[in-house]
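Participant: Handing you a structure now.
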Amino acid sequence: QVQPVESGGGLVQAGGSLRLSCAASGRTFRSYSMGWFRQAPGKEREFVAAILWSGAATYYADSVKGRFTISTDNAKNTVYLQMNSLKPEDTAVYFCAGSSYFPTTLESKYDSWGQGTQVTVSS
């Protein structure tokens, strides 16, 4: 099964910005929507944001609303997560995945998970 590939993570100071990318290669992978999740050490994976591949609609977790922006580039089969005003509590491994549903925050409704990219925000 084709898996997406996340990139763009790194170490940033609080208040800084990062842009994550999720490259979804292959037409077989093309799902109805894409989502970003994150998992902090010792915590369960949690929903961050979701978007229709068309870009017509987005959905965000309350914890990131107003700070994060999800977008798509259909020509590149890539989904982005622009993260601004980062906080130490945003530190986590960030994953992207495809879904046949929208909007949904449930992990079980997503498949074809990537390996994740580490985001660390220092205080």
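The values are calculated or read from the model by the stated rules, or taken from the named source; none is laboratory data. Given the structure is predicted, the values throughout are model-derived calculations rather than measurements. Quick reminder, even Gly has a Cβ in these numbers, built from the backbone with ideal geometry, and neighbours come from all protein chains shown. Surface areas here come from the heavy atoms of the whole protein model, side chains and all, with no ligands, DNA or RNA. Shrake-Rupley method; radii C 1.70, N 1.55, O 1.52, S 1.80 Å.
Participant: Mind checking whether some residue in the stretch 47-59 is of a type in the set (Ser, Thr, Tyr) and crowded, with 20+ Cβ neighbours inside 10 Å?
Facilitator: Checking the stretch 47-59: not a single residue is of a type in the set (Ser, Thr, Tyr) and crowded, with 20+ Cβ neighbours inside 10 Å.
Participant: Collect the residues in the stretch 110-123 that are outside any strand (DSSP E or B), touching a helix residue (DSSP H, G or I) at 6+ places or on another chain (Cβ under 9 Å) and open to solvent by less than 40 Å² (accessible area, probe 1.4 Å), keeping them in residue-number order.
Facilitator: Scanning the stretch 110-123 gives a single hit, Ser112.
Participant: Let me ask something else about it. Of all the residues that make up the stretch 34-77, how many are without any contact (Cβ under 8 Å) to a residue 40 or more places away in the chain, more than 14 Å from Leu20 (Cβ to Cβ) and among the aliphatic types (A, V, I, L, M)?
Facilitator: 2
Participant: Sort out which residues of the stretch 46-77 are of a type in the set (Lys, Arg) and within 20 Å of Gln3 (Cβ to Cβ), and write them in order of number.
Facilitator: The answer is Lys76, and nothing else.
Participant: Further question: Can you find, within the stretch 1-41, the residue that is modelled with the lowest pLDDT among those that are open to solvent by 90 Å² or more (accessible area, probe 1.4 Å), part of a loop (DSSP other than H, G, I, E, B) and more than 12 Å from Cys96 (Cα to Cα)?
Facilitator: Ranking the candidates gives Gln1 first.
Participant: In the stretch 78-107, which residue that is among the small types (Gly, Ala, Ser) and at pLDDT 95 or above is nearest to Val5 (Cα to Cα)?
Facilitator: Ranking the qualifying residues of the stretch 78-107, first place goes to Ala92.
Participant: Okay, next question. Find the residue count for the stretch 78-109, including only residues that are over 15 Å from Leu20 (Cβ atoms) and either within 14 Å of the chain's Cα centre (by Cα) or open to solvent by 70 Å² or more (accessible area, probe 1.4 Å) (or both).
Facilitator: Total satisfying the criteria: 13.
Participant: Separate question: Out of all the residues in the stretch 62-77, which are open to solvent by 20 Å² or more (accessible area, probe 1.4 Å) and outside any strand (DSSP E or B)?
Facilitator: Those that are open to solvent by 20 Å² or more (accessible area, probe 1.4 Å) and outside any strand (DSSP E or B): Asp62, Ser63, Lys65, Gly66, Arg67, Asn74, Ala75, Lys76, Asn77.
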